[in-house]
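A short worksheet on the structure shown next.
Just so you know, all these numbers are worked out from the coordinates, no wet-lab data involved. Quantities reported herein were computed from a predicted structural model and do not represent experimental measurements. Here Cβ is always computed from backbone atoms with ideal geometry, including for glycine, and neighbour counts include all displayed protein chains.
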Amino acid sequence: MKVIISSGNGIADALAEALRPEKVDIFGLKVSASVVSAFLVTISVTVLCLVLRFVVLKEYKAVPTGVRLVLEKAVGFFDNIAKGAGHSAARFVSPLIFGTAVFIFFGTFIEMFGFKPVFSSMSAGIAVGLVGFTTIQGLGIKEKGLGGRLKAQFSGGKVLGLVVGFFKTLSDVILPFSMALRLFGSILSGMLIIEIVYFFLESLWMPLAVGLPGIVGVIFTLFHAVIQAYVFALLVSMFTGEATE
């Protein structure tokens with residue numbers, strides 16, 4: 001996590017500096033640092049997948065070991081989560097939540113290399129939320145048809161159906177924004193905790209504030225990356241199951 005080491009600043013000033021949008025000049029074009037991080041993550045993960053496929057996993061093995069075993073366990077883990085979306089939808093949901101979870105993980109973990117976290121920008125969170133929203137609604141319509149999907153939304157009688165349907169639709173519409181706020185809030189809370197730890201240790205003994213916040217930062221970054229990736233996969237599977245049942 002980014003720690004602002006400046007004894008003249010308070011916690012509020014340090015957080016404001018940490019969250020201030022950073023612009024990067026690329027061939028004369030000013031873009032957000034989080035956009036640069038998003039492209040780096042996308043390119044890095046793509047290259048990693050190609051290396052795994054054509055170098056590490058180029059030979060088939062009946063009994064998986066090493067990297068192949070780890071990957072099969074990961075695929076199996078997301079397959080089990082995707083079962084919550086229903087039998088017919090799981091085959092579409094599993095690769096999507098796996099790929100998006102990987103992007104969320106590395107988009108958060110990239111901070112460890114000195115880059116701006118991808119989800120320090122609300123737009124990145126909204127984009128991921130829209131992926132989930134499109135998947136849920138698309139598979140719901142695919143399974144039931146547009147008419148069946150609308151009927152399921154507004155089921156329960158004329159008056160009650162309208163009320164229930166209104167809140168169901170509202171819940172679906174705000175889903176991308178709730179996911180964006182969850183991802184952004186994760187980054188914000190991590191920065192807040194690290195700043196509090198730094199200023200507390202600095203007030204006790206300055207040498208403590210040199211290395212310990214960095215260790216805490218690594219732990220919190222890994223924790224947030226794993227939790228947010230898992231929560232996204234779980235929510236998309238649950239909402240898809242509700243839309244397709």
> When a footprinting reagent is the concern and you count Cβ atoms within 10 Å, what order do 224, 87 take, fewest first?
Replying inline: 87, 224
> Restricting attention to the stretch 53-117, which GluC sites (Glu not before Pro) occupy a DSSP loop and are surrounded by at most 16 other Cβ atoms within 10 Å?
Replying inline: 59
> Taking the Cα centre of the stretch 11-244 as the origin, how large is its charge dipole in debye, to the nearest 20, when only Lys and Arg (+1) and Asp and Glu (-1) carry charge on their Cβ atoms?
Replying inline: 1040
> Okay, helix-only estimate at 222 nm for the chain: each DSSP H run of n ≥ 4 adds -39500 (n - 2.57), divide by all residues, round to 500 deg cm²/dmol; what do you get?
Replying inline: -27000 deg cm²/dmol
>> Neighbour counts of other C-beta atoms within 10 Å: give me 126, 219 arranged from fewest to most.
In response: 219, 126
>> Nearest 10 degrees is fine. How inclined is helix 66-82 to the longest principal axis of the chain, computing both from alpha carbons?
In response: 50
>> Highest mean first, how do 46-58, 150-162, 172-184 rank when packing is the count of other Cβ atoms within 10 Å averaged over residues?
In response: 172-184, 150-162, 46-58
> What is the total of Lys pairs in the stretch 17-124 with C-alpha atoms under 18 Å apart, excluding same-chain pairs fewer than 8 positions apart?
Replying inline: 4
> What is the helix-to-structure angle for 122-153, meaning the angle in degrees between its Cα long axis and the longest Cα principal axis of the chain, kept from 0 to 90 and rounded to the nearest 10?
Replying inline: 10
>> Given points 7 Å out from each Cα along the Cα-Cβ axis, report the residue 130 to residue 150 separation in nanometres with one decimal.
In response: 2.4
> Quick one: if the Förster radius is 41 Å, what FRET efficiency do residue 57 and residue 23 give, using the C-beta to C-beta distance and rounding to 0.05?
Replying inline: 0.55
> Of 120, 130, 188, which is farthest along the charge dipole of the chain in the positive direction, counting Lys and Arg as +1 and Asp and Glu as -1 at C-beta?
Replying inline: 130
> By how many degrees, between 0 and 90 and to the nearest 10, does the Cα long axis of helix 208-244 differ from the longest principal axis of the chain?
Replying inline: 10
> For the peptides 79-85, 103-109, 140-146, what is the packing order when you average, over each peptide's residues, the other Cβ atoms within 10 Å and list the highest mean first?
Replying inline: 103-109, 79-85, 140-146
>> With a cut-off of 8 Å between alpha carbons and a minimum separation of six or more residues, what is the relative contact order of the stretch 11-244 in percent?
In response: 30
>> Let me make sure I get this right: for the stretch 11-244, a, b and c are the square roots of the gyration tensor eigenvalues over alpha carbons, sorted descending. Under 1.5 in a/c it's rounded, otherwise prolate if a/b > b/c, else oblate. Which is it?
In response: oblate
